[in-house]
Amino acid sequence: MENKTTTAKATFFAITAAALYALSSPFSKMLLEKIPSTLMAGFLYLGAGLGIFLFGKVRSLTTKSAEQPLTKQELPYVILMVLLDIAAPVFLMIGLTRTTAANASLLNNFEIVATSLIALLIFKEAISARLWIAIVLVTLSSAILSFEDISSLSFSWGSILVLCACVCWGFENNCTRKLSSKDPLQIVVIKGFGSGLGALALGLALGQRCTNWGCMVLALALGFVAYGLSIYFYIYAQRYLGAAKTSTYYAVSPFIGVALSMLVFRQKPSLAFVIALLIMVAGSCLATEKQ
C-alpha cells in the first residue's frame, strides 16, 4: 500500500511539474511586451532561486533534510549548468519575441533530441532504435515550424532561437545528470540565483532597462512557479518513478503550453502547424515510452 501511495504521489508531482512549466511560454510572451528579453530571462530564474530558497527555509522548520550537499568535485558541472542556464532562457525569450507562443511551446520538445544526441556523442550513452525514430520525427516537426514560408524556404529566426535554447538545455540536462544524487533543492537554488543574476547582469550591460515594478514582480512569480517548482517536483518524481516514466508525464508540457497559447492569444493554427503537431506527438510518444 505504501509503494502505491508513493507512486501515486510521485505521478502527481510529475504531471504537476509538466503543467507548471507549460505556463512559461504564453505568460512570458505577455510580459515581454514590458520587460526586455535578457532581463526577463534573469527574472524568471531569479524568481525560481528566491522562491525555492524561501520554500527550503520554511521546510527546514519542520523537516530535517537528509539530502547530500554538493561538493567541490561537482564544481565544473555546476559552473557549466549555470552558464548554460543563462544562455538558454535568453535564447528562448528573444525567440518568443519573434515567433508565436504556440510554436515556442511545441519546439520545446526538441530538447529531447538535443539531450539524447549529446548523451550519445559526448557521454557515450546508447540510443535505441525507437529513440532514433523519435529523433527523426521531432527534428522533422521542428524543421516545419522553423520555416515561415515553406515555398520560399524562409527561416523563422524566432524558431531557430528557440531551438538554440533547447540545445543549451540539452547540454545542461547532461550536466545536471551528474548532480542528480545531490540535494535537488540546493541544485534549483544554485540554478536560480546563479543563472538569474548572470542574465540580469548581461541584460544591464547590454543597456536593457525596466521600470515596471508590477511586471517585474509577476516575472519573479512566474519564474518561481514555472521554473523553480517545476524543476523541484520533476526531480522528486524522477527519484521514485525513474527517468523514463517521469519523462513520459513531463513530455505533455509542450502540448499544454500549445493549448494555453491558443486560448490566451486566440490564435488559429495553420495547416503546417497542425502537421508539425501530429508529427511531434508521434515523436514524443516514441521518445518517452519506456523501452
Taking the conditions exactly as written (under 28 Å from Pro26 (Cα atoms) and in contact with a helix residue (DSSP H, G or I) (Cβ under 9 Å, 6 or more places away or on another chain)), does Leu163 satisfy them or not?
yes
Considering only residues that are under 12 Å from Met40 (Cβ atoms) and assigned to a helix (DSSP H, G or I), which ones fall in segment 203-217?
Gly203, Cys215, Met216
How many of the residues making up segment 52-67 are in a helix (DSSP H, G or I) and either under 23 Å from Ile122 (Cα atoms) or more than 17 Å from the chain's Cα centre (by Cα) (or both)?
8
Looking at (1) hydroxyl-bearing (Ser, Thr, Tyr); (2) in contact with a Gly (Cβ under 6 Å, 6 or more places away or on another chain); (3) closer than 23 Å to Ser181 by Cβ, find the lone condition where Ser65 falls short.
(2)
Based on what the data block shows, is Ala102 farther than 22 Å from Ala199 by Cα and surrounded by 21 or more Cβ atoms within 10 Å (Cβ to Cβ)?
yes
Limited to segment 175-207, what total is found for residues that are open to solvent by 20 Å² or more (accessible area, probe 1.4 Å) and either among the polar types (S, T, N, Q) or on the phi > 0 side of the Ramachandran plot (or both)?
5
Residue under question is Gly170, and the condition is that it be in contact with a helix residue (DSSP H, G or I) (Cβ under 9 Å, 6 or more places away or on another chain) and either of a type in the set (Asp, Glu) or in contact (Cβ under 8 Å) with a residue 60 or more places away in the chain (or both); does it hold?
no
Any idea how many residues of segment 21-39 are among the aliphatic types (A, V, I, L, M), assigned to a helix (DSSP H, G or I) and within 20 Å of Leu260 (Cα to Cα)?
3
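Per-residue answers, yes or no, for (1) crowded, with 23+ Cβ neighbours inside 10 Å; (2) over 19 Å from Gly158 (Cβ atoms):
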{"site": "Thr6", "(1), (2)": "no, yes"}
{"site": "Ala10", "(1), (2)": "no, yes"}
{"site": "Ala18", "(1), (2)": "yes, yes"}
{"site": "Ser25", "(1), (2)": "yes, no"}
{"site": "Ser28", "(1), (2)": "yes, no"}
{"site": "Ile52", "(1), (2)": "yes, yes"}
{"site": "Pro69", "(1), (2)": "no, yes"}
{"site": "Ile94", "(1), (2)": "no, no"}
Which of the numbered conditions does Ala134 fail, given that it passes all the others? Conditions: (1) modelled with pLDDT of 85 or more; (2) assigned to a helix (DSSP H, G or I).
(1)
Being assigned to a loop (DSSP other than H, G, I, E, B) and in contact (Cβ under 8 Å) with a residue 40 or more places away in the chain is the filter here; which residues of segment 250-277 pass it?
Ala251, Val252, Gln267, Pro269
Just one of the numbered conditions (1) under 30 Å from Ser60 (Cβ atoms); (2) at pLDDT 85 or above is not true of Ile279; which one?
(1)
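The values are calculated or read from the model by the stated rules, or taken from the named source; none is laboratory data. Predicted model, so just to flag it, every value in this text is computed and none were measured. As a convention, Cβ positions derive from the backbone with ideal geometry for all residues, glycine included, and neighbour counts pool all protein chains shown. The accessibility values were calculated without ligands, DNA or RNA, using every heavy atom of the protein model including side chains. Shrake-Rupley method; radii C 1.70, N 1.55, O 1.52, S 1.80 Å.
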